[in-house]
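Nothing in this text is a laboratory measurement; each read-out follows from the coordinates by a stated rule. Please read these numbers as outputs of a predicted model, since none were measured by experiment. Here the Cβ is made from the backbone with ideal geometry for all residues, glycine too, and neighbour counts use every protein chain on show.
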Amino acid sequence: MGMWGYAPDPVCCFGVGGFAANTKARAFFGVGCASPKPPPHGATPQPPPFSSRPLWRRRLFMPQVEMNDELMDAKLGEPLLSVARRHAAHIGFYCDGSGLCTMCECRIIDGADQLSPVTDVERNWLPQARLDDGYRLGCQAALRGRGTVRALTRAEELRRQLLAVINPPEGSTAADTMRPFMANVIMVNWQHIGTWPFNWLRILQRNGLTRFVWPVSNMDLFMRDTLRITERMLNGRTTVTVEAETRPNLLTDGKQEQDA
Ligand code: FES
């Protein structure tokens, strides 16, 4: 097998003719020809888009998150922010999950019932109308079911809206696409400006002064994830996924350590 799993497809799926000929079956079970095609000669091989774990195992035993149109594996109890960071998805996390910045906000398109209930932190930051529209904070909403959750991060939503302003889709003008972009930016900032002094006081009370002033619980991970996401956004390259088991639960573990 070549670097990053670019196998030459030996005998097309182990020579199991009938089964192997069924592309959907191969894709479901994650074997044989479901591996990506080798890159053109001379091109830099790219890593797989997400976990190299067999697909059948991911589908049967692990929750699935489709974030920013990319399918990601996850584990039960894992916050959406952690899933996004492991897969270098476009998401903000300035406060490292302390509930201070709201940059991790996501719109849940599907599967909201697979997530943990709305927390006090979310109620404080997000008005009821926004919660009703499916918005959650990625650092607060954790996976509690095995069904698929589809989400779009606010960072990615704004990026797509901005791209539509710069390069309007056919049949629309920049003025058309500017409106939703500006409405989104103004509305979010307006909502947060109105609530931040009280929310910061609440969080100061809840997290304590040290964590309030320095919310990053694991600087090494914070920097690594920031670089991976930035690199991916700049180069458009897929980054190697970090397996859930190989890193601490970014939110609960850090808090437990602090509580201890
Ligand atoms: S990462 Fe800052 S509020 Fe979620």
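From the square roots a ≥ b ≥ c of the eigenvalues of the alpha-carbon gyration tensor of segment 58-238, which class results: rounded (a/c under 1.5), prolate (a/b over b/c), or oblate? Rounded. Neighbour counts of other Cβ atoms within 10 Å put 83, 121 in the fewest-to-most order 121, 83. Sparsely packed loop sites in segment 110-175 (the GluC sites (Glu not before Pro) outside DSSP H, G, I, E and B with at most 12 other Cβ atoms within 10 Å) comprise 170. If only the Cβ of Lys and Arg carry +1 and only the Cβ of Asp and Glu carry -1, the dipole of segment 114-171 around its Cα centre is close to 220 debye.
Annotation: amide H-H contacts under 5 Å for residue 66 (H modelled 1.01 Å from N, sequence separation of 5 or more, or interchain): 72, 149, 150, 151.
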